[in-house]
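The values are calculated or read from the model by the stated rules, or taken from the named source; none is laboratory data. Because the structure is a prediction, the values reported are computed rather than measured. Cβ: placed from backbone, ideal geometry, glycine included. Neighbour counts: every protein chain shown. Surface areas here come from the heavy atoms of the whole protein model, side chains and all, with no ligands, DNA or RNA. Shrake-Rupley method; radii C 1.70, N 1.55, O 1.52, S 1.80 Å.
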Amino acid sequence: MRDQIVAGNWKMNKDLSQAENLVAEIQQQVNGQSVKADKVILAPPYVYLNYLTERLSGSNGLHVAAQNCHQELAGAYTGEISAAMLKSLAVEYVILGHSERREYFQESNELLARKVDTALDQGIIPIFCCGEPLSIRETDQQETFVNGQLTESLFHLPQESISQLIVAYEPIWAIGTGRTATAEQAQQMHASIRQHIAGKYGAQIANKIPILYGGSCKPSNASEIFAGADVDGGLIGGASLNADDFIAIANSL
Ligand code: PGA
């Protein structure tokens, strides 16, 4: 069976003491009960990564992700953070290709292919985000659009690399908008993503890859969305900033 995963993307939120409080509450809740998710991943801003990896080392089921990394390993790139640095902090995962990075920082499928390679070379597992804007959904082109993102950023990888990845399907029209994909829409896209991967790498590999749903996921809608056969958990933005909500979602699997 595939790992069932809930990942919290804090984006650019929380000052240090708020971050410390949030992680303490999550840790307490995860340690105090057995959450249903096999893995709970926290993706704080870069500046808190060291604090989280140290604090959570040896903490059962809790893992740390970065929200991005640079495609080069070192050099004159003022303000950037490399996958080698993340590795030195024992960060296990990195979110790549979030739609906000694609939109506000002009990250292309081609650039993301390079970031995926760099992360994997460092032994860091990409949580690769894909998803269509509203204009594409309105013309029913979402499967072609998302398949294109996967093909251009991932399909150069050898089998043993792609099978390590986590994919997150996040329809852009559902991110931070309060508008969620229906459980049927999510399942349909997840099945289409898996089928597209199977077309290139075979069903055995495709069936291993966890595909998370993201976009206005909250305690009230998580169980319904996660019930889809190809939905293996969620990438949570807004609701991951509150420990009770986030843990309730991790228990909706
Ligand atoms: P949201 O964000 O849950 O706030 O919609 C999801 C994401 O951007 O990963």
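Note that the chain, at 37 °C in a medium of 0.692 mPa s, gets a Stokes-Einstein diffusion coefficient of 182 µm²/s from its Kirkwood radius over C-alpha pairs. A simple spin-label model places pseudo-atoms 7 Å from Cα toward Cβ; at His156 and Asn50 they are separated by 3.3 nm. Going by Cα centres, the stretch 2-20 and the stretch 128-207 are how many Å apart? The distance from the Cα centre of the stretch 2-20 to that of the stretch 128-207 comes to 22 Å. When only DSSP loop residues count, what chymotrypsin sites (Phe, Trp or Tyr not before Pro) in the stretch 8-115 have their Cβ near at most 10 other Cβ atoms within 10 Å? Passing both the DSSP loop test and the Cβ count: Phe105. For Leu42, nonlocal amide neighbours, meaning residues 5 or more places apart or on other chains whose placed amide H falls under 5 Å from its own, are Gly8, His63, Val64, Ala65. Note on the stretch 121-164: Rg/Rh from C-alpha atoms, Kirkwood Rh, equals 1.09. Solvent-accessible surface of the stretch 69-163, averaged per residue with a 1.4 angstrom probe and all protein chains in place: 48 square angstrom. Restricting the calculation to Cα atoms, the stretch 1-141 shows an Rg/Rh of 0.99 when the hydrodynamic-style radius is the Kirkwood one.
Between Ala76 and Ala24, the FRET efficiency from the beta-carbon distance, with R0 = 41 Å, is close to 0.60.
For the stretch 98-114, putting each phi into the Karplus relation 6.51 cos²θ - 1.76 cosθ + 1.60 with θ = phi - 60° gives couplings of 4, 4, 5, 5, 5, 7, 8, 10, 6, 7, 8, 4, 5, 4, 5, 4, 5 Hz, in residue order, rounded to whole numbers and with x for Gly and Pro. Rounded to 0.05, the FRET efficiency of the Glu110 and Ala90 pair, given R0 = 30 Å and the Cβ-Cβ distance, is 0.55. How large a share of the accessible area of the chain, in percent, is made up of carbon and sulfur atoms when the probe is 1.4 Å and the other protein chains stay in place? Exposed carbon and sulfur together represent 48 percent of the surface. For a straight C-alpha distance cut-off of 17 angstrom, the lysines reachable from Lys208 (same-chain residues fewer than eight places away being disregarded) are Lys39, Lys200. Cross-link reach is defined here as a Cα-Cα straight distance under 17 Å, omitting same-chain residues fewer than 8 places apart; for Lys218 the lysines meeting it are Lys11, Lys36.
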